[in-house]
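First comes the structure, then the notes that go with it.
The values are calculated or read from the model by the stated rules, or taken from the named source; none is laboratory data. What you see is a predicted model; the values in this text were computed from it and never measured. Here the Cβ positions follow ideal geometry from the backbone for every residue, glycine too, while neighbour counts run over all protein chains shown. These area figures cover heavy atoms from the full protein model, side chains too; ligands, DNA and RNA do not enter into them. Shrake-Rupley method; radii C 1.70, N 1.55, O 1.52, S 1.80 Å.
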Amino acid sequence: MSFSVVLHPAFLLVVLSLKTSLSEVLGETFQLTPEILTVSVQSKLQQVNLQWTVPNLTHQELKMVFQIEISRINTSNIIWVENYSTTVKWNQVLHWNWKSEIPLECVTHFIRIRAMEADGKSWSNWSSWKEVSVQVSIAPNMLLIFPENKLLEEGSNVTMCLLHGQYLYNVSCMLQEEPILGEQLDSRVSLIKLNNVVFLSDSGTNIYCQAMNATKKLFGTVLFVSKVLEEPKNFSCETQDFKTLKCSWEPGVDTALAWSQQDPQSYTLYESFSGRREVSDHRNSHNWKITEDSQETYNFTLTTENKLRKRSVNIIFNLTHRVHQKAPHDVTLETIDATKANMTWKVYSRGDNYLLLCQVELQHEREVIHEHKVSVHMSASYLFSDLEPDTEYKARVRCADANHFWKWSDWAQKEFSTPEAAPSQALDVWRQVRSENGSHVVTLFWKPLLKSQANGKIISYNIVVENQDQPSESEHYSVRAPTLGTQLILDQSSYKIHITANNSVGMSPESVMALSNDSGHEEVHEKRIKGTKDGFHISWEPFSEDALGYVVDWCAHSRDQHCDLQWKNLGPNITSTNISSDAFKPGVRYTFRIFEKSTQQNAQLLEKQTGYTQELAPLENPKVTISNFTSNSFILSWPTYDSNFQSAFIEGYRVYLKSKEMQCHPKGKRTILPDNSVLCEYEIRDPDEKAFTVENLLPESLYEFLVTPYTSAGQGPNETFTKVTTPDENSHMLLKIILPMTLFILLIIIVCYWKSQWVKEKCYPDIPNPYKSSILSLIKSKKNPHLIMNVKDCIPDVLEVINKVEGPKTQCIVSGKPHAEDVSIKPPSSVPTEDGLSGPVPFIFFENFTYDQSAFDSGSHGLVPGPLKDTPCQLGLLTPPDKLLNVLEKDYMKSLAESPTEETSLIYVSQLASHMCGDKDSLATNPPMPVHCSEYKMQMAVPGTFPPLALSENSSLTSTIFLGQGEQ
């Protein structure tokens, strides 16, 4: 940077030296040498002012050229050369100024001047060098920054100068928060050059520096960057009353700065013909009073200026050509009928000769629907026709000078509404017919009339149903608005239905539909069509030549329960149409029905066409059931899809089968799914086929299968495979055997359970429990609980009488160990006979289950049961033998003695003893606690002729009682 600063002046110096040498060669030196009077400095503006004169000038005036040189730091470093031409008068002081890019406080400049006649060829001698400097003192520890608080425009370049004290070093500077670099001019001066400065804030841009060894931490200054002053735009002046000119303009950006560095730009109007100058009090307008001197032409100059710049614009005009009319007044509007309205207004005029042009507009819903121009002197009117009934309008008017158009006046407007009229259009109606319980269920639909057709608010819809088979019968229905349909139930006759719409004024033309007795029973072929994202193209063949037209209907929401029926009426010569709707969605099936309307207003179904705007892959697979399951095959079957929920036309099904063997049937093929699994694929190309037989399987093998439909857009989802294991080959034979057996056993169990009471009575009847008898209360009342029961207190079971022999009542004591497990049906051989000899005796032993374990456990008697074991204990009486006979009461014994000798008697022997240890005599007075010996007791029948047995102390005892006939 410093190199370029020095190089440029050096180059200029060489050029000037060459010119000077040439001048000396070509001609003599010019003798009028300029004399410098003063050189002054304006530091804030960084400006050098030069004043000089030309002494010894003999002419009153002379055209001269002055050449001025400026050098920096020393006289040899020339940085500026400029030629200044002017006409010099005798004894005149001339002025010239120069602005330095470097603050004058930072460096010393030198200036000199020489002169030449305007047409001369040689220069005069140079004046002596004049030093230009600003004295600034700086302490060794200080840093000064110039210029201070510099004011400049945005986009300008500025050079900052730093003066260092001699003790300072490591100087660094920042612009706001960004570091800036400078260049060293000499040991105490640094320059910082900023190019294209930007406006950051109206409070200025901060520059601060810091240095080592400085007395202050920071040194700085502020750059006040102003927005560039803009030229006023769209400057114009106009009048409404020929008394005041209103001038206006667009001022542009405000250049004001804070801290009073710069005020907002000022605006001044100067009219050259009158010489008047006025400063505006506003930034964008000024009112100029028109004088009474009949001035018609005006030449205005608008000037705006601030401290840095001045800009101006100019206009010239004729006053009569800048007239801005006032808005029309006294505007009225009268409605004549539902389609006509009349508008009137007045204007501000300067006489009958003054002609205005007025523009009339009619708006509806902020849209201009009619426009017309009318010439006016004082007042005017205009008739609006072809209006729509029951409609809101806005009428407005504005005017301008017809001869010298400048601009339109402001609008004067009026809003109004036309009255209602009867509906002008018949309803667009349609129907759906279905048969139910021998009747026709007719659903009527109609579309609402447009506002331009309704001509007012629709109140209701009237429906008249005429029976064509019985013309005298008709039914009337009324449906309140805004309902757009109703349902009728009619019989199988032919009907004609008339529908009209009503408002407060009248009714619409009627719409007529006819129903034949076979309506709703039509059966036609369904045709497939392919739609696009824009909709469907429907075409058909006409059925008859005298058709009044065609109707195409469809459900906008075919998957919903609410169909939202849509229809389209077409003319008689149209056999194709495009159906589009925002409700159409990909993957949804839409069915279109084409009807032909006859001259009798009857609609006949011609075709059904169904399709998709975009077919999608199936969203779900069918639910598969397995049947006919054998060891080598099974059948897969699945239900039919609901067509309304198909995402595309089903073209067929694919059955995938996986197994360890991976042996595919000849009809199948190996394939790889997207998840890289290998399996067998079987394809069913008929979409109506809903079953598949999987054959050639191995018994007791695991298989996995998946059934998925496919469409033109792809196949169904790859879901989890279903696992199935084939049974054994012989399992079905076992099943044929086991199943009947199981059923037979189950049948027997059911019968047994049903006849359980009968089986119980026949096989194991209930045995009475003596311990639940009332006789036990007698035993409990005795003092000794170990006493035996009296025989007469018990009612024994039925006994069989073998024979009866007369003899005395005796007791028979039999030795033995009777036990349930040891007793035999044979009589014991150890019992003596009547002759006292050993031998068999006719004894009968039998078990009496009355004495069971539960009876003994109940503790209601003095016996403790227990099994008979080979222990030192002996069978003994519970009472002494002498007292044992007391149990036979006298009457009882007598009855025995008096019994006939011919009768057979039976000895009833009952084991009533238990294992007891010790002397039998001691039992009566001090009986010990018994020990369990037997779970039950043995009964024995002994012939009555049996002699009495001796009773020994150490023998086991059994009480024997001889019963006579009839004793039980």
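Evaluate the following for E700: is it more than 30 Å from K585 (Cβ to Cβ) and in a strand (DSSP E or B)?
No: the conditions fail for E700.
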Item to complete: Select from the stretch 328-356 the residues that are within 26 Å of N287 (Cβ to Cβ), open to solvent by less than 80 Å² (accessible area, probe 1.4 Å) and of a type outside the set (S, T, Y) and write down the one among them that is modelled with the lowest pLDDT.
Response: G351
Fill in: Meets criteria (outside any loop (DSSP other than H, G, I, E, B) and within 30 Å of A258 (Cβ to Cβ)) for I68
no
Discussion item. Restricting to the stretch 238-255, name every residue that is open to solvent by 30 Å² or more (accessible area, probe 1.4 Å) and closer than 29 Å to E153 by Cα.
Written reply: S248, E250, G252, V253, D254
Worksheet entry | Residue in the stretch 476-498 that is open to solvent by 60 Å² or more (accessible area, probe 1.4 Å), small (G, A, S) and free of Cβ contacts under 8 Å to residues at least 60 places away in the same chain present | yes
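Out of the stretch 214-229, which residues are in contact with a strand residue (DSSP E or B) (Cβ under 7 Å, 6 or more places away or on another chain), of a type outside the set (A, V, I, L, M) and either under 30 Å from S285 (Cα atoms) or touching a residue at least 60 places away in the same chain (Cβ under 8 Å) (or both)? Outline the logic, then answer.
Taking the stretch 214-229 first, the residues in contact with a strand residue (DSSP E or B) (Cβ under 7 Å, 6 or more places away or on another chain) are 214, 217-226, 228-229.
From what is left, the residues that are of a type outside the set (A, V, I, L, M) are 217, 219-221, 224, 226.
If the condition is that a residue be in contact with a strand residue (DSSP E or B) (Cβ under 7 Å, 6 or more places away or on another chain), of a type outside the set (A, V, I, L, M) and either under 30 Å from S285 (Cα atoms) or touching a residue at least 60 places away in the same chain (Cβ under 8 Å) (or both), then F219, G220, T221, F224, S226 are the ones that fit.
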Discussion item. I'd like to verify a number: residues in the stretch 661-676 that are open to solvent by 50 Å² or more (accessible area, probe 1.4 Å) and either more than 22 Å from V624 (Cα to Cα) or outside any loop (DSSP other than H, G, I, E, B) (or both), how many?
Written reply: 9
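Yes/no matrix, rows are residues, columns are (1) surrounded by 17 or more Cβ atoms within 10 Å (Cβ to Cβ); (2) modelled with pLDDT of 95 or more:
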{"site": "E436", "(1), (2)": "no, no"}
{"site": "V442", "(1), (2)": "yes, no"}
{"site": "G456", "(1), (2)": "yes, no"}
{"site": "N462", "(1), (2)": "no, yes"}
Practice prompt. Return the residue satisfying two criteria in turn: it lies in the stretch 507-535 and is in a loop (DSSP other than H, G, I, E, B) and open to solvent by less than 20 Å² (accessible area, probe 1.4 Å), and of such residues it is farthest from T599 (Cα to Cα).
Written response: G531
Item to complete: Output the strands (runs of 3 or more DSSP E) that fall wholly within the stretch 82-186 and possess 3 or more residues being more than 30 Å from P55 (Cα to Cα) and touching a residue at least 40 places away in the same chain (Cβ under 8 Å), or say none.
Response: 143-146, 150-153, 158-164, 169-175, 183-186
Discussion item. Among the listed residues V93, V65, V41, identify the single one that is aliphatic (A, V, I, L, M), open to solvent by 60 Å² or more (accessible area, probe 1.4 Å) and at pLDDT 90 or above.
Written reply: V93
Worksheet, complete the sentence: Of (1) more than 34 Å from the chain's Cα centre (by Cα); (2) surrounded by fewer than 17 Cβ atoms within 10 Å (Cβ to Cβ); (3) of a type outside the set (A, V, I, L, M), S643 satisfies every one except (1)
Discussion item. Tell me the residue from Q325, Q295, Q261 that is modelled with pLDDT under 95, over 22 Å from C237 (Cα atoms) and either open to solvent by less than 20 Å² (accessible area, probe 1.4 Å) or not aliphatic (A, V, I, L, M) (or both), please.
Written reply: Q261
Discussion item. S409 - would you say it is under 47 Å from the mean Cα position of the chain (by Cα) and either open to solvent by less than 50 Å² (accessible area, probe 1.4 Å) or touching a residue at least 40 places away in the same chain (Cβ under 8 Å) (or both)?
Written reply: no
Worksheet item: Does F543 satisfy being touching a residue at least 60 places away in the same chain (Cβ under 8 Å), in a loop (DSSP other than H, G, I, E, B) and surrounded by 13 or more Cβ atoms within 10 Å (Cβ to Cβ)?
Response: yes
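Quick grid of which residues meet (1) surrounded by fewer than 15 Cβ atoms within 10 Å (Cβ to Cβ); (2) farther than 30 Å from G549 by Cα; (3) small (G, A, S):
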residue: L362; (1), (2), (3): no, yes, no
residue: V368; (1), (2), (3): yes, yes, no
residue: C399; (1), (2), (3): no, yes, no
residue: A421; (1), (2), (3): no, no, yes
Practice prompt. Among the residues of the stretch 119-139, write down those that are at pLDDT 90 or above and open to solvent by less than 50 Å² (accessible area, probe 1.4 Å).
Written response: S122, W123, S124, S127, V132, S133, V134
Worksheet item: What about N234, is it in a strand (DSSP E or B) and either out of contact with any strand residue (DSSP E or B) (no Cβ under 7 Å at 6 or more places or on another chain) or at positive phi (or both)?
Response: yes
